[in-house]
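**Q** The structure under discussion is supplied below as structure tokens; questions concerning it will follow.
The values are calculated or read from the model by the stated rules, or taken from the named source; none is laboratory data. This one's a predicted model, so the numbers in the text were calculated from it and none came from an experiment. Note that each Cβ is placed from the backbone with ideal geometry, even for glycine, and that neighbours are counted across all protein chains shown.
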Amino acid sequence: MQEISGQNVGASQHVRPGRRCLICASGPVGDPEALRPLLRPDDWVVAADGGVRLARRLSLSPDLIVADFDSSAKQEHKETVPVAVLPVKKNDTDTMAAARLALDRGFREFLILGGTGGRLDHTVANFAVLAFLCGQGARAVLADEHGWTEMVLPGKHRVEAAPGMKLSLLPYGGPVSGLWVKNAEYELENAMLTPDFPLGVSNEFRGADPVEIEFNAGILQIFLSKD
């Protein structure tokens with residue numbers, strides 16, 4: 001195992017445009033095969049501590065491991081994989097530290113697996129990772145066997161139709177205002193979503209056209225989920 005400090009794993013590598021960072025976190029995944037269609041052959045794979053076990057279940061070889069070894073043991077990690085060793089007492093979660101390191105390397109597209117289920121506070125903490133990456137101009141998707149979620153900033157967005165999936169739109173960290181939703185079963189015109197009323201839960205696609213979303217203030221969290 002090649003140990004390197006977290007500070008030294010940053011912007012030394014040129015990232016090919018369009019290449020994605022896949023972060024494997026240590027949350028429970030009951031059916032890893034359901035995640036396999038989400039993988040890309042050229043993903044740059046980071047295992048966040050115990051996420052090395054998920055990477056192994058997906059037959060992935062991590063390019064980097066970020067860990068303080070509170071959810072995995074050093075002997076679990078292959079000697080040929082660089083490890084950014086984190087202090088046990090730190091402000092960032094392992095997943096947030098992995099996101100920061102990949103962002104420093106130039107990645108602007110992220111997929112996080114193993115970031116839901118298990119402890120509810122860990123899931124909510126990973127929503128904060130999505131918000132951080134969104135605020136840095138990156139696209140980050142958190143996915144599990146039941147669907148995915150991402151956060152978007154004001155502007156125009158499209159969600160491709162996915163038969164059998166529910167579309168939910170929820171505000172993150174405060175109100176979302178000036179919201180228009182078109183081509184969905186339940187449309188909105190110049191609406192406001194607030195964190196204390198889940199108005200945007202369980203919308204449905206109407207036909208094969210993508211749902212069009214536009215809003216002018218706030219952070220919108222998009223969920224695509226199946227029962």
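**Q** For segment 199-208, which residues satisfy the criterion of being at pLDDT 95 or above and surrounded by fewer than 20 Cβ atoms within 10 Å (Cβ to Cβ)? Let's see the steps before the verdict.
**A** Of segment 199-208, the ones at pLDDT 95 or above are 199-205.
L199, V201, S202, E204 - these are the residues of segment 199-208 that are at pLDDT 95 or above and surrounded by fewer than 20 Cβ atoms within 10 Å (Cβ to Cβ).
**Q** So, one more: Which of the residues spanning segment 194-216 are in a strand (DSSP E or B) and over 22 Å from the mean Cα position of the chain (by Cα)?
**A** Once the filter is applied, which keeps residues that are in a strand (DSSP E or B) and over 22 Å from the mean Cα position of the chain (by Cα), segment 194-216 yields T194, F197, E204, F205.
**Q** Quick check: is even one residue across segment 155-164 touching a Ser or Thr at 6+ places or on another chain (Cβ under 9 Å) and either of a type in the set (K, R) or outside the structural domain of L58 (by TED's automatic domain parsing) (or both)? Talk me through it step by step, then tell me what you get.
**A** Step one: filter segment 155-164 for residues touching a Ser or Thr at 6+ places or on another chain (Cβ under 9 Å), giving none.
The answer is no, given that none of the residues of segment 155-164 is touching a Ser or Thr at 6+ places or on another chain (Cβ under 9 Å) and either of a type in the set (K, R) or outside the structural domain of L58 (by TED's automatic domain parsing) (or both).
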